[in-house]
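Novice: Right, I'll just put the structure down here and ask away after.
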Amino acid sequence: MQILRAENLGKQLCRQGHDRPMRLRELLTRAAAADRAARRFWAVRGVSLELAPGEMLGVVGRNGAGKSTLLRLLGGVLEPTEGTVHRNGRTEAFFDFTAGLRADLTCRDNIVIGLIISGCRRKEAVSLIDRILEFAGLTEFRESPVRVLSTGMRLRLGFAIVTERRPELLLLDEVIAVGDAAFQKKSYARINNYRRAGTAAVLVSHNMQLIRSHCERAIWLNEGQVAGYGSVDEVAKAYIGDTAE
């Protein structure tokens, strides 16, 4: 059974931000309409991939290559302009671990709210508070508002909340930036435990050593299109060779 499959995936965006409805004058002016069309570009196009249970796929490429856009398409955050995405089971997509935290609420309350949003019953969420705080190294901040935490502490809390329950699919955007070295090690130990239990994962990172250490296969994006797709060693070699030129 495949956990994830994307077929001919593409996303067209506008260079000047989010699309807005055209004004009547723009609709009546061909030049304005043509200029509007010219501002559009393909952030990702023609991407196909698949992922089996327990497998981790690395995504590499230069800045602006379309890596984060692809991850958001795979997670359903963005709707594709063309192509399809099929996911089996619950998906957790981690683009910003602090995005769901409410600064004026306590760590305890943020944990409960975060778990309920992810599908937990309140009683179960309350029972997991201490375990999450311990994992994040924030036991003594149980009743503290999130606004008093440092950026690193917020990252640890956010990661601990969203990874408490094992999903079938993990989508990770530069997760290496979560916390200090000790917490990074603990984070990847949790991710690898989930993979052994059948969780599939997609990892976007500029760190090729990280990609090679954790991924079996990789996909290299160049200007939104696939420049390489296959074993992680083959893709890494081709990508490093291209960037060295």
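Novice: Regarding Leu78, is this residue under 17 Å from the mean Cα position of the chain (by Cα) and modelled with pLDDT of 95 or more?
Specialist: no
For every residue, the table says whether it meets (1) hydroxyl-bearing (Ser, Thr, Tyr); (2) open to solvent by less than 70 Å² (accessible area, probe 1.4 Å); (3) over 21 Å from Cys120 (Cβ atoms); (4) in contact with a helix residue (DSSP H, G or I) (Cβ under 9 Å, 6 or more places away or on another chain).
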site	(1), (2), (3), (4)
Val146	no, yes, no, yes
Leu149	no, yes, yes, yes
Gly158	no, yes, no, yes
Arg165	no, yes, no, yes
Leu172	no, yes, yes, yes
Asn207	no, yes, yes, yes
Arg212	no, no, yes, yes
Arg217	no, yes, yes, yes
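Okay, residues lined up against (1) part of a strand (DSSP E or B); (2) at negative phi; (3) in contact (Cβ under 8 Å) with a residue 40 or more places away in the chain; (4) not β-branched (Val, Ile, Thr):
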| site | (1), (2), (3), (4) |
| --- | --- |
| Lys186 | no, yes, yes, yes |
| Ala189 | no, yes, no, yes |
| Asp233 | no, yes, no, yes |
| Lys237 | no, yes, no, yes |
| Ile240 | no, yes, no, no |
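The values are calculated or read from the model by the stated rules, or taken from the named source; none is laboratory data. None of the values given here were measured: they were computed from a predicted structure. Because the Cβ atoms are built from the backbone with ideal geometry, glycine has one as well, and the counts that use them run over all protein chains shown. Ligands, DNA and RNA are excluded from the accessible area calculation, which covers all protein heavy atoms including side chains. Shrake-Rupley method; radii C 1.70, N 1.55, O 1.52, S 1.80 Å.
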